[in-house]
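The values are calculated or read from the model by the stated rules, or taken from the named source; none is laboratory data. Remember, it's a predicted structure, so these values are computed and weren't measured experimentally. Note: ideal-geometry Cβ built from the backbone for every residue, glycine included; neighbour counts use all protein chains shown.
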Amino acid sequence: MRTLLAALALALGPGAALAAPAAPAAGKTSITWYGHAAFVVTTPGGTVLAIDPFFQNPRSPDPKAGETLPRIDYVLVTHGHGDHVGDAIAIGKRTGAKLIASFDLCKALVNAGYPAAQAGYATCGNIGGTIQAGDAEVTMVPAVHSSSFGDQPGAAEEGHPLGFLIRVKGGPTIYHTGDTDVTMDMKLIPERWGPVDVMLACIGGHFTMDPRGAALAATFVGARTVIPMHYQTYPVLSGTPAELERALAALHSRARVRVLVPGAPTAF
Ligand code: NI
Ligand code: MN
């Protein structure tokens, strides 16, 4: 596949975007994992969402994706830590993408260079708020973690960390947990917004929930499919998908674990 793509890139000439996720099949939503907590979601209507775009993480299939992806409409950042903000500012400048984040983190990122016109009231909100993003609705839900960005004075706290619930029109409901432990609040997610089809769940432990915590979280949310993330990027994030599967089995969960191949668009 890689060889085929390389040949295609050669045929198309320099500048052909190798890593551009293919347009999803009609009516489908495509999810591409870039390692760690970074995902690109393309909706049936063609809206492109980049979530926690740390494309330069050690497991990234394409560290230059932030410079080459041809279209990004919205950049979603769960919290201010560098392994989640990633290339957000450069992407905002290059693509014109609007920033979806907490109001406080939006301010911090604008201070650091994110174009202010793309980070206003239309897309910056807070927990409980819903942002219209093309043919998707993005609701900000709580995460239990911390959030700081940069080293400038006053940057100690940059808003509450978030998860994102992305309801795609005619497509799946996707829950990106952000960095968090399992919380009782997760039970409110299906109660308030309906079933979760795909849960992008951190499982690495140390800074977030571990596989057992993530399995419990999946049962709270009622997720049909769980895609593990935020593991094995660094040695300290030691959780594994196999541990997640065992923990789900121990809870008699019917959720299916789906390990995405970094860089490979997957239809949902
Ligand atoms: Ni974090
Ligand atoms: Mn993190």
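Structural remarks
- Total residues in the range 25-72 satisfying the condition of being out of contact with any helix residue (DSSP H, G or I) (no Cβ under 7 Å at 6 or more places or on another chain) and closer than 23 Å to Cys202 by Cα: the figure is 23.
- Among the residues of the range 67-93, the ones that are more than 15 Å from ligand 2 (Cβ to nearest atom), among the small types (Gly, Ala, Ser) and touching a strand residue (DSSP E or B) at 6+ places or on another chain (Cβ under 8 Å) come to 1 in all.
- Cross-chain or 6+ apart pairs with Cβ under 7 Å, the range 171-200 first and on the phi > 0 side of the Ramachandran plot, then away from ligand 2 (no atom under 16 Å from the Cβ): Gly194/Thr173
- Which listed residue is within 24 Å of Arg224 (Cβ to Cβ), of a type in the set (Ser, Thr, Tyr) and either more than 14 Å from ligand 1 (Cβ to nearest atom) or at pLDDT 95 or above (or both), from Thr95, Thr177: Thr177
- If you filter the range 94-152 down to residues that are more than 18 Å from His81 (Cβ to Cβ) and in contact (Cβ under 8 Å) with a residue 60 or more places away in the chain, you find that the one that is farthest from ligand 2 (Cβ to nearest atom) is Asp135.
- Only one of Ala214, Ala223 that is crowded, with 24+ Cβ neighbours inside 10 Å, under 13 Å from Tyr175 (Cα atoms) and within 16 Å of ligand 1 (Cβ to nearest atom): Ala214
Conditions tested, residue by residue: (1) within 16 Å of ligand 1 (Cβ to nearest atom); (2) closer than 29 Å to Asp185 by Cβ.
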| site | (1), (2) |
| --- | --- |
| Thr47 | no, yes |
| Asp62 | no, no |
| Val85 | yes, yes |
| Ser102 | yes, yes |
| Gly120 | no, yes |
| Gly129 | no, yes |
| Gln132 | no, yes |
| Gly150 | yes, yes |
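- Restricted to the range 177-268, the set of helices (runs of 4 or more DSSP H) holding at least 1 residues that are more than 30 Å from Gly46 (Cα to Cα) comprises 211-221, 241-250.
- Filter result (within 15 Å of the chain's Cα centre (by Cα) and buried (at least 18 other Cβ atoms within 10 Å of the Cβ)) within the range 99-147: Leu99, Ile100, Ala101, Ser102, Ala133, Ala136, Val138, Thr139, Met140, Val141, Pro142, Ala143
- Residue within the range 185-197 that is within 16 Å of ligand 1 (Cβ to nearest atom) and either closer than 21 Å to His84 by Cβ or within 16 Å of the chain's Cα centre (by Cα) (or both) present: no
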